[in-house]
1. For Cα extents along the principal axes in Å, pick the label among (i) 59, 40, 36; (ii) 57, 38, 30; (iii) 107, 63, 30 that corresponds to the value derived from the coordinates.
2. Could you give the DSSP H helices of the chain that reach 24 angstrom or more along their long axis (alpha carbon positions) and whose average Kyte-Doolittle hydropathy is no lower than -1.0?
3. Would you list D70, D220 from fewest to most Cβ contacts within 10 Å?
4. Once a ≥ b ≥ c are taken as the square roots of the eigenvalues of the Cα gyration tensor of the stretch 30-100, is the result rounded (a/c under 1.5), prolate (a/b larger than b/c) or oblate (a/b not larger than b/c)?
5. As a test of the definition: which semi-axes, in Å, follow for the stretch 196-263 when you take the square root of five times each eigenvalue of its alpha carbon gyration tensor? Largest first, please.
6. Please report S139, S22 as a ranked list, fewest other C-beta atoms within 10 angstrom at the top and most at the bottom.
7. Over the alpha carbons of the stretch 14-59, what is the largest minus smallest coordinate on each principal axis, giving the biggest first in Å?
8. Could you work out the local net charge near V42, counting Lys and Arg as +1, Asp and Glu as -1, over the other residues with Cβ closer than 10 Å to its Cβ?
Amino acid sequence: MADYALTLSDAEVARYRIMADSAERAERHLWTDAGAVPGARVADVGCGPGAVSVRLAALTAPGGEVWAVDRDPQALAIARALADKEGAAVTTVNAPATATGLPAGTFDLVMLRHVLAHNGGHEQEIVDHLAGLVRPGGSVYLTDVDAAYLRFRAPIDPAVNELHDRYREFHRRRGNDLEIGAKLDRLLTAAGLELAYFQGRIDVVNPPPGMRGPAWAARDAMVEDGLASAEDIARWDAAYNAMTGPATFFAPSFTAYARRPES
């Protein structure tokens, strides 16, 4: 399975929290429709620093519990600290998305957000595993990107555009599919689930100063893969620092969920 390339700096953790805020505003009704209700058992697989996990825990209280699963110990430590701070009923599990070790057929809802695009060649394997975790009537809920529709609005320095072009090439070489969002419905039905919802949206994002996004967070991995040099990073850093005025991103994503048949 491909290695996850984004370094969890403080700025990257802040980005996850902004994404979680946006996701909850747009999707809260979908989360509850899919099964995030009081008393529910929920798994948040590929949870990262747990920003969505604690929100799911709030929806499933009282009586519910969320299992936050990630293969990155650093991310899980942040998720654990956040859950403790919020007093959220969250259990952290260190495991990959293809083999979580969670008990099969016991969850009301299993969620996976922005993970498939980083695991090229294993997308169906992951969704098949998640489908086996839900009880009859339970749901698997997926959200992921389609970078084909990603847009930026000026002022954007040409060097920053170069960084994003290099980031796309980085994923292509690793076999990752940055357009996987538009294929979520097929992954779910191929796993034997009954599709209940499939839609896309474009979020208008005005990041706060200092927030640079996933391409910047993957810079060290791109150096390791021979797609960037220290000089490139210095040039990109200078370009970010020289940018004036707010940058606006139009970020596309797709969401789908499907239920395990009752019989």
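1. This structure yields the entry labelled (ii).
2. Sorted by number, the helices that extend far enough and score high enough are 10-34.
3. Ascending number of Cβ neighbours within 10 Å: D220, D70.
4. Oblate.
5. 35, 19, 7
6. By the 10 Å Cβ count, ascending: S22, S139.
7. Reported extents, whole Å, longest axis first: 29, 19, 15.
8. Once positives and negatives cancel, what remains is -2.
Bear in mind these aren't lab numbers, they're just calculated from the coordinates by the rules spelled out. Since this is a predicted model, take the numbers as computed values, not measurements. Note that each Cβ is placed from the backbone with ideal geometry, even for glycine, and that neighbours are counted across all protein chains shown.
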